[in-house]
1. Cβ-Cβ under 6 Å, sequence separation 6+ or interchain: first residue in segment 65-90 and farther than 18 Å from Lys52 by Cα, partner of a type in the set (Phe, Trp, Tyr) and open to solvent by less than 30 Å² (accessible area, probe 1.4 Å). Which pairs?
2. Could you give every pair whose Cβ atoms fall below 6 Å, whose first residue belongs to segment 36-52 and is within 14 Å of His116 (Cα to Cα) and assigned to a loop (DSSP other than H, G, I, E, B), and whose second residue is open to solvent by 50 Å² or more (accessible area, probe 1.4 Å) and of a type in the set (D, E, K, R), counting only separations of at least 6 or pairs across chains?
3. Scan Lys138, Lys165, Lys157 and give me the residue that is basic (Lys, Arg) and open to solvent by less than 30 Å² (accessible area, probe 1.4 Å).
4. Going by what's in this entry, would Lys131 be described as in contact with a helix residue (DSSP H, G or I) (Cβ under 8 Å, 6 or more places away or on another chain), crowded, with 16+ Cβ neighbours inside 10 Å, of a type outside the set (A, V, I, L, M, F, W, C) and in a helix (DSSP H, G or I)?
5. In segment 18-35, what count of residues is obtained for those that are free of Cβ contacts under 8 Å to residues at least 24 places away in the same chain, in a helix (DSSP H, G or I) and open to solvent by 80 Å² or more (accessible area, probe 1.4 Å)?
6. Report the residue count in segment 59-87 for those that are under 17 Å from Ala154 (Cα atoms) and either at pLDDT below 95 or open to solvent by 60 Å² or more (accessible area, probe 1.4 Å) (or both).
7. Filter segment 148-168 for residues that are within 24 Å of Leu56 (Cβ to Cβ) and free of Cβ contacts under 8 Å to residues at least 60 places away in the same chain and give the result.
8. Hey, among the residues in segment 53-70 that are outside any helix (DSSP H, G or I) and in contact with a Phe, Trp or Tyr (Cβ under 8 Å, 6 or more places away or on another chain), which one's nearest to Arg179 (Cα to Cα)?
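The values are calculated or read from the model by the stated rules, or taken from the named source; none is laboratory data. Nothing here was measured: the structure is a model prediction, and the numbers come from that model. All Cβ positions, glycine included, derive from the backbone under ideal geometry; neighbour counts span all protein chains shown. Please note that ligands, DNA and RNA were not included when accessible areas were found on the heavy atoms of the full protein model with its side chains. Shrake-Rupley method; radii C 1.70, N 1.55, O 1.52, S 1.80 Å.
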Amino acid sequence: MVNIPTPCKSEVKKYLDKWDSLENYVLQENSLDKLFFKTYPNNDDINDILIKASSLNDFYSTNIFSIFSVAKHIHSLNIDERLKKHDESLVNDIANIEISGKKITFYSFATKYCSHHDPVNFPIYDSYVEKILVHFNKKDNFSKFTKKDLKDYAKFKKVLIDFKKYYGIDEYNLKDIDRYIWQLGKEYYPNKYK
């Protein structure tokens with residue numbers, strides 16, 4: 001098992017400080033914040049959705065091959081009220097789409113799309129986060145879940161809340177925890193490209 005320091009306040013702070021020093025990520029996030037919060041905060045115009053979805057797809061390398069289909073799908077869901085209500089089922093509704101008769105799930109993208117509208121209530125799922133949650137659950141059994149459960153957004157969010165409580169890092173919001181866990185995953189479980 002990989003030896004990762006146990007989560008605690010000082011570890012979270014260390015990684016949040018590290019995040020603030022990563023100019024490319026900070027500027028990328030600031031650009032997305034401007035796009036989602038100021039320029040195009042709503043989702044009632046397909047053009048606005050297309051620009052936001054394209055930017056997310058590019059910055060996060062989410063590999064969506066038909067961004068127009070995804071934008072059209074988001075537009076059809078009338079998501080603004082559901083975002084305001086922190087409706088967790090919205091993530092799975094955005095994620096599951098049919099393109100050219102084929103059912104596809106863009107789960108990580110959907111978490112990112114919702115998170116960029118409301119970062120505190122919609123944490124981001126990706127493979128790095130998954131690996132860290134699975135790692136610490138094997139080590140400390142902080143929550144009851146399977147790897148598959150992390151692809152159910154309500155369960156994923158509950159696991160993150162359990163993680164915060166178990167390690168006594170409740171003072172940090174889900175966005176902070178997301179940045180911390182993501183960096184751990186990137187550091188201790190780096191992608192191996194051929």
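1. Between residues of segment 65-90 that are farther than 18 Å from Lys52 by Cα and residues that are of a type in the set (Phe, Trp, Tyr) and open to solvent by less than 30 Å² (accessible area, probe 1.4 Å), the close pairs are Glu88/Tyr153.
2. If the second residue must be open to solvent by 50 Å² or more (accessible area, probe 1.4 Å) and of a type in the set (D, E, K, R), no pairs are left.
3. From the options Lys138, Lys165, Lys157, the qualifying one is Lys157.
4. yes
5. The total comes to 6.
6. So the count comes out to 3.
7. Leu150, Lys151, Lys155, Phe156, Val159, Leu160 - these are the residues of segment 148-168 that are within 24 Å of Leu56 (Cβ to Cβ) and free of Cβ contacts under 8 Å to residues at least 60 places away in the same chain.
8. Result: Thr62.
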